[in-house]
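Structure, as structure tokens:
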Amino acid sequence: MDGYALRFTDCGRESLDDLEPVEVEQATRKLERICSCEFRKPWEWGFERMDGVSDGKLSLSDELRAFVDINQENRTLLVYRVYRRENLYG
């Protein structure tokens with residue numbers, strides 16, 4: 001089974017600029033792992049549905065969250081933003 005394609009919106013890619021290089025590496029590595037895992041679907045990685053711009057959010061670490069859409073038909077994970085947890089709601 002092929003995995004999911006990882007895509008970023010312009011805002012999603014720009015949101016990585018607000019993170020430290022180690023956080024960018026951690027976030028992208030986790031997103032790639034979520035997309036390529038043959039044993040779990042992307043929504044089985046702690047996905048939480050939310051109202052708003054995206055379908056919901058994924059927890060990438062204790063500190064990082066990503067707002068994403070999961071398109072099962074096209075097999076894509078679209079990232080709208082990656083934030084530090086403490087900056088999500090402020």
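Observations, loosely collected:
- The helix-only estimate of mean residue ellipticity at 222 nm for the chain, built from DSSP H runs of length n ≥ 4 each weighted as -39500 (n - 2.57), is -7500 deg cm²/dmol after division by the residue total.
- Charge dipole magnitude, Cβ of K and R +1, D and E -1 - the chain, Cα centre, debye nearest 20: 240 debye
- Dipole-positive endmost among Tyr83, Trp45, Leu19 within the chain (Cβ charges, Cα centre): Trp45
- Annotation: Asp18 carries an accessible surface of approximately 110 Å², with a 1.4 Å probe and no ligand, DNA or RNA atoms counted.
The values are calculated or read from the model by the stated rules, or taken from the named source; none is laboratory data. The shown structure was predicted, so the numbers you read here are calculated from the model rather than taken from an experiment. Glycine gets a Cβ as well: all are built from the backbone with ideal geometry, and neighbour counts include every protein chain shown. For the accessible areas, the whole protein counts, side chains as well, though only heavy atoms, and no ligand, DNA or RNA atoms are used. Shrake-Rupley method; radii C 1.70, N 1.55, O 1.52, S 1.80 Å.
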